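Working notes, structure below.
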Amino acid sequence: MGHLAFVTGPVRSGKSRFALALARSHGEAGVYLATYRADPEDAEMAERIRRHRAERPATWRTLEAPPVLHAALERLAPAPEVVLLDALGVWLADRLEQPDEALLAAWNRELDAFRAAPWATVVVGDEIGWSPVPPDPLLRRYRDLAGWLGQATAAAADEAWLCVAGCPLPLKPAGSRP
């Protein structure tokens with residue numbers, strides 16, 4: 001059975017850097033599962049992607065936003081030792097045209113596959129619900145879905161972490177899953 005870790009936090013909290021270090025503790029034969037589908041349309045997004053690529057080990061393989069994550073991972077040869085999925089919020093944003101129930105069911109299928117995989121998986125999430133209630137219905141829906149997906153991921157995970165101001169705080173220590 002695969003080890004599942006969840007790392008969440010607000011923007012610029014250090015969660016991606018911590019998640020990479022956590023992933024590397026599970027092995028060097030890694031796969032970075034990028035959830036951003038489109039080519040960057042602005043310089044800031046291009047720089048963000050460049051920075052993330054530069055932080056990853058050169059030996060890691062990258063999968064760019066496959067439609068069904070676990071199916072793409074299962075086709076890899078050789079199989080990885082660890083997979084780093086960055087980030088759940090972007091995965092969600094690319095699927096908002098689907099009904100809530102379909103999104104939640106699709107993510108639960110991914111979680112089941114991650115837990116059954118022969119490799120460790122580290123999922124990076126996004127804590128976006130700490131701000132005022134957005135006035136726009138689509139933003140409220142996104143915020144709510146991100147919260148529900150984060151709860152489902154933490155519940156399925158073997159360990160969960162919250163990063164704030166560059167400090168990882170254990171929410172669910174390894175081995176504490178019921």
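The values are calculated or read from the model by the stated rules, or taken from the named source; none is laboratory data. If you're wondering where the values come from, they're calculated on a predicted model, not measured in any experiment. Every residue, glycine among them, receives a Cβ derived from its backbone with ideal geometry; neighbour counts consider all protein chains shown. Areas reflect the complete protein model, heavy atoms only, side chains present, ligands, DNA and RNA absent. Shrake-Rupley method; radii C 1.70, N 1.55, O 1.52, S 1.80 Å.
Numbers below:
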quantity	calculated
Other-chain or far-sequence residues with amide H under 5 Å of Thr62's (modelled H)	Tyr32
Segment 75-142 - accessible surface per residue (Å², probe 1.4 Å)	50 Å²
Signed unit charges on C-beta, dipole axis of the chain, positive-most listed residue Gly89, Thr35, His3	His3
Three principal axis lengths of segment 15-116 [C-alpha, angstrom, descending]	37, 37, 24
Mean projected area (nm²) of the alpha-carbon convex hull when the chain is viewed from all directions	10.3 nm²
Sulfur and carbon atoms: percent of accessible area, segment 15-103 [1.4 Å]	55 percent
Segment 128-145 versus segment 25-85: alpha-carbon centroid distance in Å	27 Å
Only Lys, Arg (+1) and Asp, Glu (-1) charged, at Cβ; segment 41-178 dipole about Cα centre in debye	320 debye
MRE, 222 nm, helices only [DSSP H, n ≥ 4, -39500 (n - 2.57), over the chain, to nearest 500]	-12500 deg cm²/dmol
Size descriptor, Kirkwood hydrodynamic radius, that averages inverse alpha-carbon separations across segment 97-156, Å	12.7 Å
Two-decimal log10 I(q)/I(0) for segment 18-68, as the Debye equation yields it once each C-alpha is a single scatterer, q = 0.13, 0.16, 0.21, 0.29 Å⁻¹	-0.35, -0.52, -0.84, -1.20
